[in-house]
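Just below is one structure, and these are the notes that go with it.
The values are calculated or read from the model by the stated rules, or taken from the named source; none is laboratory data. Since this is a predicted model, take the numbers as computed values, not measurements. Cβ placement follows ideal geometry from the backbone for every residue including glycine, while neighbour counts extend to all protein chains displayed. Side chains are part of the model used for accessible areas, which takes the heavy atoms of the whole protein and leaves out ligands, DNA and RNA. Shrake-Rupley method; radii C 1.70, N 1.55, O 1.52, S 1.80 Å.
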Amino acid sequence: MGQSTTLEELISRQRINLQRTFAQSAKPIVDDRSARRLTRYERELAKATAKFAEAIAQRVGPVPCLDRAAEAMRSATTELERKSIKPARRYEEAALAGLIEARQNLRKYLAQGGGSSNPMRQLDYQVSQNMPEIPEDEDQEPDNQVQQKLEKLAKAEREFSEEIQAEHNNEAEKDEQTASKNQPPPKSQSPSQGGGQTSPQEGSPAERQEQAAEEAAELARKMQEDEALSDLAQERMAEAERTIRESAESLRKKNDGDAGRQAEEAADQLERLARHVAGLKASELAEKLKAAESLAQKLARGQREAEKEGEGQGKSEKGEQGENPSAEENQNPGQSPGQTPSPSQSPGQGQGEGQGEGQGKGSGGSRRPTDRSATERLAARQRAQAEEARTLDDLLREVESEAGQYDAEFAEAVSQAAQANPPEEIAERIRKAAEALESGREDRAWPEIRWSAEKLEDLTAQLQVVRRGYFEPTLEALQDAEKRAAELQKDLRFQIPARQRAEIEKKMTELRDALRSLAESDNRLGEEAGAFAEALSGGAGGEGDAWRYRGGYYDPPVRYAAAVRRAVRAIQVRIQEIILKDAVLDADQPVPPQYKKEVEQYLKILSDDLR
């Protein structure tokens, strides 16, 4: 008899949005971003449903339940725009009911019509010709496309920076050599004037940077339309675009040195943003949480390395001073090397400006090294660390927001971990460390570095506990559902004694409930849960597909065996995907022994028909 793939897709999409709306209705406050996403999705569904109803009406006549479904979707959209979630949910429920009723009506119509061997396929093809595209779960560019474009642009800026700075340095060397010989400088073009190795086809360096700025502007526009990306990510894209334009402006002003440094800064910004986007666009919640966990671990390691670097430089300085201990012993704290204290100078009180780099006004001096070049490099790394900590804060906010749509307990666990070790405060403290290093007050930087390292280590440990707590119960529930389904599959292969029919029905109901529960936190099982429930209710079977009694035994409905077989396959694939995914996320750790068999099996069947 067939079915309309377009209508089935509409039903599936409406179920997804209803599920998300239901999750939001349990929240005391709905954030603007979630409300916008739900609104946009429902609006597009309403348009697609209205077009489908119009096309069906032209072919077979009006289908009132489809019209009611489209109207309910429009009403839901209005309520979602107002952030009135509960009324919107009721309208979405009515829309879903209308779509399901339409499916039943179309099946009856086609069953009565006769004629073609597959009338639904023909009908679906005809109505699909003028249909708008049904919105995807995230109707944006492929998840990694923005990231790839950012990485490509970052690479181009990095190469451009190296090229401009190299040419600028070459010109500076030539000028120095000419000046040393008291000769007039040769008439040569700077990179910004089109000299160097740039070919005419590539354009001048300024033109190339202007083109890069346009590419950045286009990326910024696309990112603004992508609701999966946060405000911070969009702000960073705008900053990168601005930095590229500043580089182009410097080239026009013949400030090639500044242009190269600005291009290098833009490359840093774009690389950081690419990593940020990768975390935000991760396809699964566990991946997003792992991205945050990995970033926290990386930041903690960086802070510990900064602390050790300071200690190492301090020991080196002490060793150098040890070669002349008498000078060290006779020198007051805060006194510049080689300086004789005045009779009125008290210990610990500096006299005037220190000699050389790093020797500021003395007031007891710094506990750590005063090598300004090393300190400046460390300060720059702390600035970068602070920005990465802002990324961490943003990722955890996104994880908490998304988790709140499916699992309130999981969202609360993430929130508690972030509150105990707030990334926003960590970023601020790292920034203060950078400022202290830049101002020559290293003694104020080290406590901030040490504190942030400890907090980041604690946060990493807590996030790992949360992720494991999220992963293992889900896996256990899946394995329990797989066991139930496998037992049912075995039972349904044979005739059922009359006394066991009720038991089989009970097992089918329990498996349906288990699938529904799993689908609440795993969208990928939503379709399977819906199909199984429909099979259990009889909606997926043809006429006569029911229990048949023969000599004290029952033949179970064919649809039961098909639904259970499909459920077993879907659950097995999901179990193996989760185990392998967790193994990949924890690539530096061995696969737990109890899961090795599943991982090996997954690798064997990856290309089989379980897909």
Amide H contacts under 5 Å for Tyr554, placed H, 5+ residues apart: Ile496, Ala498
Solvent-accessible area per residue, Å², over the range 418-497 with all protein chains present [probe radius 1.4 Å]: 48 Å²
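In the range 213-263, which trypsin sites (Lys or Arg not before Pro) are in a loop and have at most 15 other Cβ atoms within 10 Å, using DSSP for the loop call? Intermediate results must be reported in sequence, preceding the final value.
Details: sites: Arg221, Lys222, Arg236, Arg242, Arg245, Arg252, Lys253, Lys254, Arg261; in loops: Lys253, Lys254.
In loop regions of the range 213-263 (DSSP not H, G, I, E or B), the sparsely surrounded trypsin sites (Lys or Arg not before Pro) are Lys253, Lys254.
Among Lys308/Lys432; Lys222/Lys281; Lys86/Lys507; Lys86/Lys288; Lys483/Lys506, which pairs are too far apart, with a Cα-Cα distance over 23 Å?
On the way: Lys308/Lys432 18 Å; Lys222/Lys281 14 Å; Lys86/Lys507 33 Å; Lys86/Lys288 29 Å; Lys483/Lys506 15 Å.
Beyond 23 Å: Lys86/Lys507; Lys86/Lys288.
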Simple Cβ-charge dipole of the range 434-524, Lys/Arg +1 and Asp/Glu -1, about Cα centre, in debye nearest 20: 880 debye
Accessible area in square angstrom per residue, the range 1-107, 1.4 angstrom probe: 44 Å²
In Å², nearest 10: area of Trp446 left accessible to a 1.4 Å probe: 10 Å²
Simple spin-label estimate for Ala384 and Lys298 in nanometres, 7 Å along Cα-Cβ: 1.1 nm
Potential extension, Glu101-Glu412 segment - 0.36 nm per residue separation minus Cα distance: 108.1 nm
